[in-house]
Amino acid sequence: MPRLRDFSGEPLDRVSVVRLALMIGCLVTIAGAMIFLPISEILFRLVETARAAGAWGPPMIAAAYIPACLFLVPGMILALAAGYLFGIGIGTITVSIGSTVGAAAAFIAGRVLGRELVVAGMASNPKRRRTDQAIAEHGFKFTLLLRLTPLVPFNLLNYVLGLSGISLGQFVLGSWIGMIPVAVMYVYLGTVLKQIEETGGANLQLGGSQVALLAVVAAAIIAITAFVWRSIKRILDEPPAAS
């Protein structure tokens, strides 16, 4: 019976085979959950339960980030819900804690299930090893930069960085700091949604200052994204430190 092999052509040991099977199983489970589970209904019930839970509402939304991150449910939905339910202050704290913990859970899952397979695949590819080493050496900065732009998929990034050589500490700190501006933006939008619901949109007027603010935010996202990609390219092009 032919043995499974890694990207370098070397046969996988038993532990690696088990991890590969678990990773495939997780991917199938995630895909099945996204296709067959009524995600929108589940989220609606979560919001309604958190609304009625009083002081337990913020911890509930924060805890919901863990399965959301693991099953690739857009975190933006929970951030909007936090702003809608709790306002800008409590909402931002809730999203900041929840998104960081959820991201760490997905990072660990990616690290445990797939990191060794990635390392094995780089064994015969010096270019990939240098790229991985550069990312690991600048782990905090690399994570921070990618978190600053909302155009980088939040959930996918958790798993991808888990496969890299970045340490958990660098990932958590870089994610926590880098996600704060995006969290504030989504939480604020959640408060706007609540205002629209309460007033029926009657008192919601976009004056010149609001339109200008939206234009500034859009321009800032584009500028930040361009800065992020330039900075990451410099990191990847930089020669790795001597071992």
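Please find, within segment 66-103, the residue that is farthest from Ile42 (Cα to Cα) out of those that are aromatic (Phe, Trp, Tyr) and in a helix (DSSP H, G or I). Ranking the qualifying residues of segment 66-103, first place goes to Phe86.
Of the residues making up segment 113-133, those that are within 23 Å of Leu173 (Cα to Cα) and more than 21 Å from the chain's Cα centre (by Cα) are Thr131, Gln133. If a residue must be more than 28 Å from Arg51 (Cβ to Cβ) and modelled with pLDDT under 90, how many such residues does segment 166-187 contain? Final tally of qualifying residues: 0.
Listed conditions (1) at pLDDT below 95; (2) farther than 18 Å from Leu157 by Cβ; (3) of a type in the set (Val, Ile, Thr) are all met by Thr94, apart from (1). Screening Ala183, Ala106, Ala136 for residues that are assigned to a helix (DSSP H, G or I) and under 21 Å from Ala220 (Cα atoms) leaves exactly one candidate, Ala183. Among the residues making up segment 77-112, those that are touching a Pro at 6+ places or on another chain (Cβ under 9 Å) and within 23 Å of Phe140 (Cα to Cα) are Ile93, Thr94, Ile97, Gly98, Gly102, Ala105. Please determine whether any residue of segment 188-196 is modelled with pLDDT of 80 or more, polar (S, T, N, Q), touching a helix residue (DSSP H, G or I) at 6+ places or on another chain (Cβ under 8 Å) and farther than 20 Å from Leu148 by Cβ. Within segment 188-196 (the criterion being modelled with pLDDT of 80 or more, polar (S, T, N, Q), touching a helix residue (DSSP H, G or I) at 6+ places or on another chain (Cβ under 8 Å) and farther than 20 Å from Leu148 by Cβ), the answer is yes, since at least one residue qualifies. When Thr149, Thr131 are checked against the criterion of being surrounded by fewer than 19 Cβ atoms within 10 Å (Cβ to Cβ) and modelled with pLDDT under 95, a single residue qualifies: Thr131. Annotation: of all residues in segment 152-179 being within 23 Å of Val217 (Cβ to Cβ) and aliphatic (A, V, I, L, M), the one that is surrounded by the most Cβ atoms within 10 Å (Cβ to Cβ) is Met179. Got a sec? Which of Leu117, Leu163, Leu146 is more than 18 Å from Val101 (Cα to Cα) and touching a residue at least 40 places away in the same chain (Cβ under 8 Å)? On inspection, the qualifying residue turns out to be Leu117.
The values are calculated or read from the model by the stated rules, or taken from the named source; none is laboratory data. What you see is a predicted model; the values in this text were computed from it and never measured. All Cβ positions, even for glycine, are placed from backbone atoms using ideal geometry, and neighbour counts span all protein chains on display.
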